[in-house]
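The values are calculated or read from the model by the stated rules, or taken from the named source; none is laboratory data. Everything quoted here is computed from the prediction, not taken from an experiment. Cβ coordinates were reconstructed from backbone atoms using ideal geometry, including for glycine residues, and neighbour counts include every protein chain displayed. In case anyone asks, the SASA skips ligands and DNA or RNA and just uses the protein heavy atoms, side chains included. Shrake-Rupley method; radii C 1.70, N 1.55, O 1.52, S 1.80 Å.
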Amino acid sequence: MQRKWGIRKIAEVFSMKKKTASGRKHDCKNTLEKVQLALDNELTEIEEKQLLDEINNCSYCLEKYEIEQSFKKYLCNKVKRHPCNPQLADQIRNSINNIMDR
Amino acid sequence: MELTGTERQLNERLFEKEFMPHLDALYNFAYHLTLNEEDANDLVQDTFLKAFRFINSYERGTNAKAWLFKILKNSFINEYRRKTRQPGEVDFEEYVAFQDAEEGTGVGDLDMRDEIFKGLIGDEVTQALNELPVDFRTILILCDIEGFSYEEMAKIIDIPIGTVRSRLHRARNLMKEKLRDYAKKMGYKENR
């Protein structure tokens, strides 16, 4: 899908900096470095909230976040799980009994 | 193994309660590592036998899943990797240099919500994953399929957390490249 690039977005991408609601400077590069951590559940609750606040105020970061999120979900949903042979559990139990009976 | 009747019962109970519930996840991991059923079966059996042998070094109630995955990963490296290594497969370290040179390919923007990616079936996505070098395959399965934390993965694979992060990043980019190639075969055109 081709998206229209408004003046605001172009300014965001080129300057990569703007003020957040809390008054701190927003830096797309810094923000995006944390996206993988957030999606992998590696941020604390406070860090995650801060990041989401920043992302929600920057359409460029929001789009990148959604793209990464869709990739993670995609892998989880599409990669086939190989079910194990139903006899394997009993084979394992038998081998263990054999060791113990030796 | 000489155990009293009670010890034996306790160990068996622990084994059933804390180890056996992870059988399916371990088999799935083993299959993605060895890429064939017979070796996956052997590898999982081996893992459970080792787990049983070292059951006294396992602390009851701690992270059994991560402990078992670590045993499986080590068994694979020590006994199976050479055997199952495919012709032409390159080592992770060799691969990094190549990957670093390729980092600017823009795959980061690949959007899986695109219809063409939705159209790829599970078999194709699984195939793309299985074509990745084993270290990248491993980290994607541990993180995105099994949901392990960075700390757990660092312990399972025996690498620093920083390496977990960078390897994951590279694995994802590489996986995106593979998916993009599959989608291109189906007529996907990039908007750049």
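What the table below lists for this structure:
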quantity	calculated
Of residues in the range B:155-177 being of a type outside the set (S, T, N, Q), over 16 Å from the mean Cα position of the chain (by Cα) and farther than 22 Å from B:F76 by Cβ, the one most open to solvent (accessible area, probe 1.4 Å)	B:G162
Evaluation of B:M112 against (1) open to solvent by less than 50 Å² (accessible area, probe 1.4 Å); (2) closer than 15 Å to A:D40 by Cβ; (3) facing chain A (nearest Cβ under 9 Å) (one fails), failing number	(2)
Some residue of the range A:58-81 being within 7 Å of chain B (Cβ to nearest Cβ), at pLDDT below 90, assigned to a loop (DSSP other than H, G, I, E, B) and open to solvent by 50 Å² or more (accessible area, probe 1.4 Å)	yes
Candidates B:D46, B:D24, filtered to the one that is closer than 26 Å to B:E131 by Cβ, open to solvent by 40 Å² or more (accessible area, probe 1.4 Å), in contact with a Pro (Cβ under 8 Å, 6 or more places away or on another chain) and within 11 Å of chain A (Cβ to nearest Cβ)	B:D24
Residue in the range B:144-151 that is among the polar types (S, T, N, Q) and outside any helix (DSSP H, G or I) present	yes
Near pairs, Cβ below 7 angstrom, 6+ apart or cross-chain, from the range B:125-147 (within 11 Å of another protein chain (Cβ to nearest Cβ)) to any residue that is surrounded by fewer than 20 Cβ atoms within 10 Å (Cβ to Cβ) and assigned to a helix (DSSP H, G or I)	B:A128/B:K178; B:A128/B:Y182; B:R137/B:N130; B:D144/A:K72; B:D144/A:C76; B:I145/A:C76; B:E146/B:A25
Some residue of the range A:44-53 being at the interface with another protein chain (Cβ under 7 Å from one of its Cβ atoms) and either out of contact with any strand residue (DSSP E or B) (no Cβ under 7 Å at 6 or more places or on another chain) or hydrophobic (A, V, I, L, M, F, W, C) (or both)	no
